[in-house]
Number of protein chains: 4
Amino acid sequence: MPLSAPLTGVVPPVCTPLTPDREVDVPSLRRLVDHLVTAGVDGLFVLGSTSEAAYLTDRQRGLVTETVVSHTAGRLPVLAGVIDMTTPRVLDHVASVTAAGADGIVVTAPFYTRTHPAEIARHFRLVAGRSPVPVIAYDIPSAVHTKLPAGLVLELAADGVLAGLKDSSGDLAGFREVVVGSRGLPGFGALTGSELTVDSALALGADGVVPGLANVDPDGYVRLYRRCRAGDWERARAEQERLCGLFRMTGAGDPARMGASSAALGAFKTALYLRGVIDCPATAEPQVPLSETETECVAKFLAGAGLM
Amino acid sequence: MPLSAPLTGVVPPVCTPLTPDREVDVPSLRRLVDHLVTAGVDGLFVLGSTSEAAYLTDRQRGLVTETVVSHTAGRLPVLAGVIDMTTPRVLDHVASVTAAGADGIVVTAPFYTRTHPAEIARHFRLVAGRSPVPVIAYDIPSAVHTKLPAGLVLELAADGVLAGLKDSSGDLAGFREVVVGSRGLPGFGALTGSELTVDSALALGADGVVPGLANVDPDGYVRLYRRCRAGDWERARAEQERLCGLFRMTGAGDPARMGASSAALGAFKTALYLRGVIDCPATAEPQVPLSETETECVAKFLAGAGLM
Amino acid sequence: MPLSAPLTGVVPPVCTPLTPDREVDVPSLRRLVDHLVTAGVDGLFVLGSTSEAAYLTDRQRGLVTETVVSHTAGRLPVLAGVIDMTTPRVLDHVASVTAAGADGIVVTAPFYTRTHPAEIARHFRLVAGRSPVPVIAYDIPSAVHTKLPAGLVLELAADGVLAGLKDSSGDLAGFREVVVGSRGLPGFGALTGSELTVDSALALGADGVVPGLANVDPDGYVRLYRRCRAGDWERARAEQERLCGLFRMTGAGDPARMGASSAALGAFKTALYLRGVIDCPATAEPQVPLSETETECVAKFLAGAGLM
Amino acid sequence: MPLSAPLTGVVPPVCTPLTPDREVDVPSLRRLVDHLVTAGVDGLFVLGSTSEAAYLTDRQRGLVTETVVSHTAGRLPVLAGVIDMTTPRVLDHVASVTAAGADGIVVTAPFYTRTHPAEIARHFRLVAGRSPVPVIAYDIPSAVHTKLPAGLVLELAADGVLAGLKDSSGDLAGFREVVVGSRGLPGFGALTGSELTVDSALALGADGVVPGLANVDPDGYVRLYRRCRAGDWERARAEQERLCGLFRMTGAGDPARMGASSAALGAFKTALYLRGVIDCPATAEPQVPLSETETECVAKFLAGAGLM
């Protein structure tokens, strides 16, 4: 299904269910897609940070994209991340995910290498020049250690290089600059990846939202999105605050024992497992799994949110 | 050629010559290997940061390893970097480079993801458990945004997980802690990647050095290494200072126009091109090439060091 | 005037006008206070970052506090920053500003030293234990290089140590956690220092706003605040976007020539000078002044916003 | 005693002993000075980071400088730190410490504010223009979050603004650039603040060393310095390694309970207390004191080094 211009609505970054021996669990992945589609989401984003793309081998990335594309069968657009260090490696992923049917690609700034804004711009231009589908910039400084400047995003948007931005920087003022600055560009969509300020982002003009927590509670985010679109800000805020409470499940994992990725992805997958959507809560190596006590803590958050 | 235990001497991280259209330039790569071997280096390290590993596709990485392994033909050991974000992806590279004949692998901490010391330890243990050749830890916080704690390196060394450390952190005090702490571990080699303090590192007990600048002037680093080993510290310092002067070629590229990787790798490759070792100074995308004026500046540094 | 509990409304961080030889310009400071009070602001905050507190000597700090307290004459509350590295030095400032009549103090985490959350908590508890007036925590990681965790702020609020938070971190999700978590604490006020997302902060429940740009356009921020309080979100957004446009004056100073503090404070003071509120746009040493061209650029932003 | 040109030798940053109620303990401070002078050090540095200058009130700073200057009575030069955020505040400290008799001042880059190299240069030039005694730049990025570029230090040295550098950055390559680049400047002294690589710094040409650990073991550092100057590198290394072992006392404090400043300064003061030099190991607020177990751990390090 070709990308609407611009992409709008709720577009969850889809978790990648794994078997106990860390292979992609295809039946669980299909059930997760159904779980999201049934809730009324507007698109799917595979191979993002929440999908553990950084942990998946190329073979596994291929299997994920093929599974989700074939299972959604054109009912809604599928974006795919092409997360890698630099242009040549990213272009290999572009070829793979578009061959597998992705409707758009999501591209970060280069990482590992010490880069420069001119090189970031060149990177996006080169990738877009070789991509058969629209390119969405992925601003995620916690992972790539560079913030995409709003001015750079707008310049690339005006030149037709970028069809959108997924902003996971947490910098709402910078996001606002992109939203306001791209108003005259009908093909450009500004999406926030910050699950705790979806109402704020939509109020200031965001086109859509890409909340990792929507794996666990897609109905909540669809409801939140619709209330915002209806201008019912009071009830939107109540729903957002409920979801903020639920998000605190990402604090279940002990920070003395594991990193923030293990804790967040472990909580999401544990919740999906407890809700019966996926068969196993395993995260990829070398992440640390949640303990039994931490799993019970996640269960309490689910119960508190009326999800169990 | 199996790794001596521990690896010692001068082990340059080999640049990856590219053609004007950014394909691996195999004849130039062979000439570069000859240039280094003839100078008397003790090992070669392919697919490190200086090799632009972050920019090479998997196919190109394979071609580089095969070319260097077959061209050295066992005359000296070849280490290979397996630079990628997390354990499953690194393990794919381990399979590739060891199939191609690498004698040891060089492994960074996970990156892109937000990690934890326990996960870093797990990562090295898992990789070592699956590698048929010795594992050398690569401490490069400027790229992976995590510093390997000396205590962690020593614990993994004592457990036989690590056969060595390549320290590109610039933190000589931390390196010294590893050097002193690993003295009772005969199989462990401590190598510095800091080209400007090779004499200091050897004076405090380093086993070997991995200087990127040795691509340009391998004779200088071999001479420096031998003077240090002979305890001729005064003449070692003079040679080191000459090499520090030469290293300033990495400042030829204008920082207003390019990042530090473009400037350093561009200068090394331009110098190799000007010295007639490789056919083309191109660096991989999206790096910015040196201008004509900047190239002349590199030429002056070469002339000043008596290398042209 | 004693602090209402909690502080609400628009509370500008008052610029400190200087003479050409960098002495506090008392007549200009009084005119600036009048300019703000006349616009209808709800409180004043002296000796914050926007006030160049980091650049003022103790004598100058005293003069600023005395001037503003005596000139406002109880018409509205005056908060004073007590910015210094650690507890003993902060306590000296507490004694000075409260002797001069400040109604509340604004306290950052320790800086310069390498600190720990337990030490930050201890710092706030010790300062509050010795302060005769309420203590507001100042979260400004760009200056102190530590982010105040929401949980720590809430713990100190619950214990009565803190009467409020001024959040200049730009992290709206963390601010929201404090806003929601402090709802049961009637004496606690959550204020945002982010001038570009005032509408967002108020929509999610902030009590007040502390926008540096309100020096230049206090009427705009008072209007914005009132529209938000009236639930007129559409017109609030329009006003906020107008102010976002005006804020871009902080980009007039060339980043190749000066730091971000010089550019932002220079723009605010130049605008106040051009509007006739203060006599001289000088900033404190070692900041770089705006050039003539950069001053003209600020003038254009003022004209564009209808302020000249 | 006027500064020799340049300053050389061992110049300990003098701890500031405090009474149990956190007042400067003048008799203990005098004993500490005697302890250092007797060991044969070449100068004293008061009001640096190791002196807890960031924690001392202006009154306490004055008392420290006066006590040390009068007690040394010209037997050796006394440097004083003037640590504060920006030029005007630093100039107030310059007036105080020079009135109290300091022979040189030690000045950091501005901090708290977001600064620029041009502003850092301006800062040093303004301070030097108003200081009656020589100015030594203090490079301490862990505290001020800016690294002094070697080129900037050399430019200011060539212009006669700086009489020296105290490098606490841990970047030996950058320090080497200053050492080599300032060889033609007879009045300039390059001092390292890194206590774990004193032999390395002296081997590459440093003029002197400013090791915090020299409070605890001044004889060790004097011995190390003399062996280096005699070219007895083998025995210098043995002494340095013994001191590295002793330095591990700074790890006695539990990092889950306290910051790195509390741990390091707490260990030094505890050791001085256990050695009978000072009367009380208290550190300034809000630092966390060492526990009884942690104190025993420090005692073991002292015993292991033959200091108890």
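Between the amide H of C:F45 and those of C:V14, C:L79, distances stay under 5 Å, these residues lying 5 or more places away or on another chain, with hydrogens modeled in the peptide plane. For the range A:1-67, the solvent-accessible area of protein heavy atoms averages 31 Å² per residue (probe radius 1.4 Å; ligands and nucleic acids excluded). Sparsely packed loop sites in the range D:97-206 (the GluC sites (Glu not before Pro) outside DSSP H, G, I, E and B with at most 15 other Cβ atoms within 10 Å) do not occur.
For chain C, the share of DSSP beta bridges that are antiparallel, to the nearest 5, is 5%. If you wrap the Cα atoms of chain A in a convex hull and average its projected area over all directions, you get 14.3 nm².
Under a 5 Å amide H cut-off, with hydrogens placed 1.01 Å from N, B:G164 pairs with B:A137, B:G189 among residues at least 5 apart or on other chains.
Relative to the Cα centre, the charge distribution of the range D:87-195, modelled as +1 at Lys and Arg Cβ and -1 at Asp and Glu Cβ, gives a dipole magnitude of about 200 debye. Normalising the average separation of contacting C-alpha pairs (under 8 angstrom, six or more residues apart) by the number of residues puts the relative contact order of chain A at 19 percent.
If one computes the Cα centroid of the range C:179-204 and of the range B:276-293, what distance in Å separates the two points? Using only Cα atoms, the two centres lie 53 Å from each other.
Note on the range D:9-232: dipole from Cβ charges, positive end direction compared against D:A100, D:F111, D:G129; the farthest Cα belongs to D:G129. Note that the range B:236-288, at 37 °C in a medium of 0.692 mPa s, gets a Stokes-Einstein diffusion coefficient of 276 µm²/s from its Kirkwood radius over C-alpha pairs.
At 1.4 Å probe radius, can you tell me the per residue accessible area of the range A:189-308 in Å²? Averaged over the residues of the range A:189-308, the accessible area is 34 Å². Listed by chain and number, the lysines whose alpha-carbon sits under 22 Å from that of B:K147, ignoring those within fewer than 8 places in the same chain, are A:K147, B:K166, C:K147, D:K147.
P(r) tail, the range C:27-130: Cα-Cα pairs separated by more than 15 Å, 61% of all pairs. Just to be sure I understand: with springs between alpha-carbon atoms less than 10 Å apart, which residue in B:A267, B:A39, B:A118 has the highest mean-square fluctuation in the Gaussian network model of chain B? Taking springs between Cα atoms under 10 Å, the residue moving most is B:A118. Per residue of peptide A:192-205, the mean number of Cβ atoms on other chains within 10 Å of the residue Cβ is 4.
Chain A versus the axis that turns it onto chain B: the residue with the nearest Cβ and the distance in whole Å amount to A:H145, 3.
The string of couplings for the range B:253-260 from the Karplus curve (6.51, -1.76, 1.60, θ = phi - 60°) is x, 5, x, 6, 10, 8, x, 5 Hz, one whole number per residue in order, with x for Gly and Pro. Per-residue Karplus couplings for the range A:152-169, computed as 6.51 cos²θ - 1.76 cosθ + 1.60 with θ equal to phi - 60°, are listed in order as 5, 4, 5, 4, 5, 5, 4, 7, x, 6, 10, 9, x, 9, 9, 9, 10, 8 Hz, Gly and Pro entered as x. Springs between Cα atoms under 10 Å define the GNM used for chain B, and in it the highest mean-square fluctuation of B:R122, B:R242, B:R114 occurs at B:R114. By DSSP, the beta bridges lying fully in the protein assembly as shown are antiparallel in about 5 percent of cases.
Cα convex hull, the protein assembly as shown: 158 Å³ per residue, rounded to a whole number.
The same position A:S291 in the other copies lies at 1.8, 6.0, 6.1 nm from this copy, comparing label points 7 Å beyond Cα toward the beta-carbon, shortest first. Residues whose amide H falls under 5 Å from that of C:G9, counting only those 5 or more places apart or on a different chain, are C:G208, C:V209, with hydrogens built in the peptide plane. Inter-copy label distances at A:A256, using a point 7 Å along Cα-to-Cβ, come to 0.2, 5.2, 5.2 nm with the shortest given first.
Rounded to the nearest 500, the 222 nm mean residue ellipticity of chain C from helices alone is -14000 deg cm²/dmol, with -39,500 (n - 2.57) taken per DSSP H run of at least 4 residues.
Shown for B:R226: label points 7 Å from Cα along the beta-carbon vector, and their distances to the equivalent points in the other copies, 3.8, 8.0, 8.5 nm in ascending order. Couplings 3J(HN,Hα) of the range C:47-63, computed from phi: 6, x, 5, 5, 7, 6, 4, 5, 9, 8, 5, 4, 4, 5, 4, x, 4 Hz, in residue order, whole Hz [Karplus 6.51 cos²θ - 1.76 cosθ + 1.60, θ = phi - 60°; x for Gly and Pro]. Between the range C:10-73 and the range A:231-257, the C-alpha centres lie 40 angstrom from each other. Straight-line cross-link reach from A:K300 at under 18 Å between alpha-carbon atoms covers these lysines, not counting any fewer than eight positions away in the same chain: A:K269.
The values are calculated or read from the model by the stated rules, or taken from the named source; none is laboratory data. Fair warning: this is a prediction, and the values are worked out from it, not measured in the lab. Every residue, glycine among them, receives a Cβ derived from its backbone with ideal geometry; neighbour counts consider all protein chains shown. Calculation scope for accessible area: heavy atoms of the full protein, side chains included, ligands and nucleic acids excluded. Shrake-Rupley method; radii C 1.70, N 1.55, O 1.52, S 1.80 Å.
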